[in-house]
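Here is the structure we will look at.
The values are calculated or read from the model by the stated rules, or taken from the named source; none is laboratory data. The model shown is predicted, which means the values in this text are computed figures rather than measured ones. Ideal geometry is used to build each Cβ from the backbone, glycine not excepted, and the neighbour counts take in all protein chains shown. Please note that ligands, DNA and RNA were not included when accessible areas were found on the heavy atoms of the full protein model with its side chains. Shrake-Rupley method; radii C 1.70, N 1.55, O 1.52, S 1.80 Å.
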Amino acid sequence: EDQVTQSPEALRLQEGESSSLNCSYTVSGLRGLFWYRQDPGKGPEFLFTLYSAGEEKEKERLKATLTKKESFLHITAPKPEDSATYLCAGTDSNYQLIWGAGTKLIIKP
Amino acid sequence: GAVVSQHPSWVICKSGTSVKIECRSLDFQATTMFWYRQFPKQSLMLMATSNEGSKATYEQGVEKDKFLINHASLTLSTLTVTSAHPEDSSFYICSASIDGGFGYTFGSGTRLTVV
């Protein structure tokens, strides 16, 4: 069964303390691996799409990487405004999105 | 970039009434739209896939007579929660497929509270 698992469930960091969020996947015929940011009471906001192992993408303090089994979202020197829930999803061979449960990131000033 | 507008942002209705939620693609044509439900502290749960001009495809366990989906044009899909009950209270989010399934953009969500 296709599955996407995110860890940790929640992560508290001090401002400036770099870390990584993990997204492990078992998705047959993976078409793409997506990262989204979701603020409370809002819809997900697109961050990155990764298509093949070894691919990396960056945006400001965020960098997403992909291997054949997992993806990492690295956050460098985070700021309080980076606090949000980060969602990972994979699309299977039928382009169906399979969602992880998310990681709630809290950055304390 | 591709923008999806969802209205209303929040709605409170009485038990037994119906509520309609609209999802519009503002600057692109969305052949396929998706409707999700999200419970507190949980991820998105796909309810149905809406295709322009045809009947929606519902996920297992989702009552199609309770959650009516209409996708009458390439820029508008609606979700109507019929005879709403308190257990229907949730956060509903629409999404549109862009680039033939290689990207998805989301609406801002609708918080439904049934009292």
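Results, tabulated for the structure shown:
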{"quantity": "Residues being over 22 Å from B:GLN42 (Cβ atoms), among the hydroxyl-bearing types (Ser, Thr, Tyr) and surrounded by 16 or more Cβ atoms within 10 Å (Cβ to Cβ) - total across segment B:67-107", "calculated": "4"}
{"quantity": "Failed item in (1) within 30 Å of B:GLN6 (Cα to Cα); (2) within 14 Å of chain B (Cβ to nearest Cβ); (3) in contact with a strand residue (DSSP E or B) (Cβ under 8 Å, 6 or more places away or on another chain), with A:ARG61 passing the rest", "calculated": "(2)"}
{"quantity": "Unmet requirement for A:TYR25, which otherwise passes all of (1) open to solvent by less than 70 Å² (accessible area, probe 1.4 Å); (2) without any contact (Cβ under 8 Å) to a residue 24 or more places away in the chain", "calculated": "(2)"}
{"quantity": "Subset of segment A:77-109 (residues that are assigned to a loop (DSSP other than H, G, I, E, B), surrounded by 14 or more Cβ atoms within 10 Å (Cβ to Cβ) and either of a type in the set (Lys, Arg) or more than 13 Å from chain B (Cβ to nearest Cβ) (or both))", "calculated": "A:PRO78, A:SER83"}
{"quantity": "Unmet requirement for A:GLN14, which otherwise passes all of (1) open to solvent by 20 Å² or more (accessible area, probe 1.4 Å); (2) closer than 22 Å to B:PHE39 by Cα", "calculated": "(2)"}
{"quantity": "A:SER7, sole failed condition from (1) within 14 Å of another protein chain (Cβ to nearest Cβ); (2) among the small types (Gly, Ala, Ser); (3) under 22 Å from B:TYR104 (Cβ atoms)", "calculated": "(3)"}
{"quantity": "Residues of segment A:42-68 satisfying the condition of being closer than 15 Å to A:TYR25 by Cα and assigned to a strand (DSSP E or B)", "calculated": "A:THR49, A:LEU50, A:ALA64, A:THR65, A:LEU66"}
{"quantity": "Close pairs (9 angstrom Cβ cut-off, 6 or more residues apart or separate chains): within 14 Å of another protein chain (Cβ to nearest Cβ) and open to solvent by 50 Å² or more (accessible area, probe 1.4 Å) in segment B:6-18, polar (S, T, N, Q) and part of a strand (DSSP E or B) anywhere", "calculated": "B:HIS7/B:THR110; B:SER9/B:THR110; B:TRP10/B:THR110; B:TRP10/B:THR113"}
{"quantity": "Subset of segment A:51-75 [more than 10 Å from the chain's Cα centre (by Cα) and surrounded by 21 or more Cβ atoms within 10 Å (Cβ to Cβ)]", "calculated": "A:LEU66, A:ILE75"}
{"quantity": "Extreme residue, farthest from B:HIS7 (Cα to Cα), among residues of segment B:96-112 that are more than 7 Å from chain A (Cβ to nearest Cβ) and modelled with pLDDT of 95 or more", "calculated": "B:LEU112"}
{"quantity": "Residues satisfying the stated conditions in segment A:15-41, i.e. outside any strand (DSSP E or B), more than 28 Å from B:SER90 (Cβ to Cβ) and more than 12 Å from chain B (Cβ to nearest Cβ)", "calculated": "A:GLU15, A:GLY16, A:GLU17, A:SER18, A:SER28, A:GLY29, A:LEU30"}
